[in-house]
Amino acid sequence: MAALRCIIEELLNRGYEGGYWDYKSDYPNTAEEKLHDIICMANNLENRDAYLIYGVNNDGSICGIEKTQKTRYTSADIIKFLRTKPFAGGYIPQVEVHTFKIEEHEVDVLVILKGTHTPYYLQEEFGKTNKIIDRVRAGAIYTRTADMNTPRDKTANIEHTEYLWRKHFGYDLQPAKRFEILLDDYKNWSEADWDVKRQQYHKDYPEYKVIVGDSNEGYNHISYFYDDERMLYAELKLDYLTTTLYETELWYMDLGRCIIPKPEWKYLIEHRMVYYYFVKNTLNGRLLGLFTNGRFICTNRSGQEMPIMIFESEDERENFEKYLCGLDVSTKTEIRRKIKDSAIMEHIIAKSESEGQPEIGVADIAFSFAVYHRWKKEIL
């Protein structure tokens, strides 16, 4: 938050709008205008996060958004708004909303995070207005040049459109960065069963490969949540030609019935908490997307969700951790009581404790996961 505040203050001090930031004295009057603003910023030509700054005049002077007569934005509201729009390919800009107090006024900042799925555009027209010129058109590519958005009845020029598509396919990226984009292209990878055929390549770019080594018996707290706690693990590599760009492990959970990349995990000693997670926009998170065909969920053979959290970004994970550590004692006690009273958890705890009682165990994992679901309901 401190870093973002410095960025916003620096942009305000410039006193003019630019290719990835825009001043707004108030919120837009229509949903069409709101959507158009976001799409233009998501397709900015600077290849960076973009900022819609509300409560600021065109010259950068602060008027404040606290007295607006319109409903103020929250991250949850904007995410819901975007999810209901007909974006081509289902690719939706990732956004966050933050509020800062500057010069005794409140300023709301809608951050449109840099993404690789440009150009963002609609596959169906959006707008209820009778004026066709005010609708957000299907197939139109909107972007931002200097301090100007592409008009709603126009589309970006061929040079800017080509740049956005080149960014989409990663043509100008180093191999490691391009691998991230190709991992999101789930449908264009070769078949692999990960037991006998332990390698997969991208059909259009076969020099990019996912390779898995021999399996070994393993152990982890997470395995007790599966029907069969026995697990295997194997080396997993992302190779470009003969160079390994990334290494992790592939976990064969439930004795091989459920396959996931090794999750990240965080142990909070002071709070006696531990949680397992994937961040979608990392290589490891994208691997989960590949192995689950874009579902981004870890389940057992019955389809029950396992206690592994999924975050859109590292910022989102940090926000969850603050929420987790900030819970009051009574709430923690109530959540732990429900876990203890669960017949399923009683069985899982008994399985884990048959091999000893670790300092941090399955009940602590279940606790963090219960808090995660509580947090998701509150932000969405």
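Of the trypsin sites (Lys or Arg not before Pro) in segment 266-360, the ones in a loop by DSSP (not H, G, I, E or B) with at most 16 other beta carbons within 10 Å are ARG272, ARG295, ARG301. Between segment 37-83 and segment 235-264, the C-alpha centres lie 39 angstrom from each other.
Here the label points at MET148 and GLU125, each 7 Å from Cα along the C-beta direction, are separated by 2.5 nm in the simple model.
Solvent-accessible surface of protein heavy atoms, probed at 1.4 angstrom with all chains present, puts TRP194, TRP165 in the order TRP165, TRP194, largest first. Specify whether the C-alpha gyration tensor of segment 169-268 places it in the rounded, prolate or oblate class, a ≥ b ≥ c being the square roots of the eigenvalues: rounded for a/c under 1.5, otherwise prolate if a/b is larger than b/c and oblate if not. Prolate shape, in that a/c is at least 1.5 and a/b is the bigger ratio. Among the listed values [x] 18.1; [y] 20.0; [z] 22.0, the one matching mean projected area of the Cα convex hull in nm² as calculated from this structure is [z]. Using a cutoff of 8 angstrom between alpha carbon atoms and counting only pairs six or more residues apart, the relative contact order for segment 89-210 works out to 14 percent. Say the dipole of the chain comes from +1 at the beta carbon of Lys and Arg and -1 at that of Asp and Glu; which of ASN149, VAL109, PHE169 then lies farthest toward its positive end? Of ASN149, VAL109, PHE169, it is ASN149. Across the accessible surface of segment 275-352, with the other protein chains kept in place and a 1.4 Å probe, carbon and sulfur atoms take up 50 percent. With the largest listed first and rounded to whole Å, the semi-axes of the equivalent ellipsoid of segment 198-245 from the Cα gyration tensor are 29, 11, 8. Rounded to the nearest 20, the Cβ-based charge dipole of the chain about its Cα centre (Lys and Arg +1, Asp and Glu -1) stands at 860 debye. Relative contact order, whole percent, for segment 267-380 stands at 31, derived from Cα pairs under 8 Å and 6 or more residues apart. Under the shape rule built on the C-alpha gyration tensor, where the axes satisfy a ≥ b ≥ c, segment 215-345 is oblate, since a/c reaches at least 1.5 while a/b does not exceed b/c. Think of it as helices only: each DSSP H run of n ≥ 4 in the chain is worth -39500 (n - 2.57), and spread over all residues that comes to -9500 deg cm²/dmol at 222 nm. Applying a threshold of 23 Å to the alpha-carbon distances of LYS85/LYS131; LYS280/LYS376; LYS80/LYS128; LYS85/LYS322 flags LYS85/LYS322 as lying beyond it. Annotation: amide H of ILE141 within the under-5 Å range of ALA156, sequence separation 5 or more or interchain, hydrogens built in the peptide plane. Here segment 274-380 is assigned +1 on the Cβ of each Lys and Arg and -1 on the Cβ of each Asp and Glu. Its dipole about the Cα centre then comes out at about 360 debye.
Rolling a 1.4 Å probe over the heavy atoms of the protein chains gives the chain an accessible area of 51 Å² per residue. Between LEU113 and LEU173, the FRET efficiency from the beta-carbon distance, with R0 = 30 Å, is close to 0.95. Where does the charge balance sit around GLY139 when Lys and Arg score +1, Asp and Glu -1, over other residues with C-beta under 15 Å from its C-beta? Computed value for this residue: +2.
Compared with the alpha-carbon gap, the fully stretched path from ASN29 to ASP204 is longer by 58.5 nm at 0.36 nm per residue. For segment 58-190, give the magnitude of the charge dipole about the Cα centre (Cβ charges: +1 Lys/Arg, -1 Asp/Glu; no others), in debye to the nearest 20. For this selection, approximately 480 debye. Other residues with beta-carbon under 12 Å from the beta-carbon of GLU32 carry, at +1 per Lys or Arg and -1 per Asp or Glu, a net charge of +2.
For segment 305-354, chymotrypsin sites (Phe, Trp or Tyr not before Pro) meeting the loop criterion (DSSP other than H, G, I, E, B) and having at most 12 other Cβ atoms within 10 Å: none. When the Cα positions of THR74, ILE39, THR129 are compared along the charge dipole of segment 1-147, THR129 comes out farthest toward the positive end, with charges on each C-beta of Lys, Arg, Asp and Glu. The length gained by stretching the chain between ARG166 and THR68 to full extension, at 0.36 nm per residue less their Cα-Cα distance, is 31.3 nm. Here the simple spin-label model places points 7 Å from the Cα toward Cβ, and for THR84 and CYS325 these points are separated by 3.6 nm.
Taking amide H positions as modeled 1.01 Å from N, with prolines and chain starts lacking one, the residues under 5 Å from GLN94 and 5 or more places away or on another chain are LEU113.
The values are calculated or read from the model by the stated rules, or taken from the named source; none is laboratory data. What you are looking at is a predicted structure, and each value in this text was computed from that prediction instead of being measured. Quick reminder, even Gly has a Cβ in these numbers, built from the backbone with ideal geometry, and neighbours come from all protein chains shown. The protein model used for the area step is the full one, side chains on, heavy atoms only, and it has no ligands, DNA or RNA in it. Shrake-Rupley method; radii C 1.70, N 1.55, O 1.52, S 1.80 Å.
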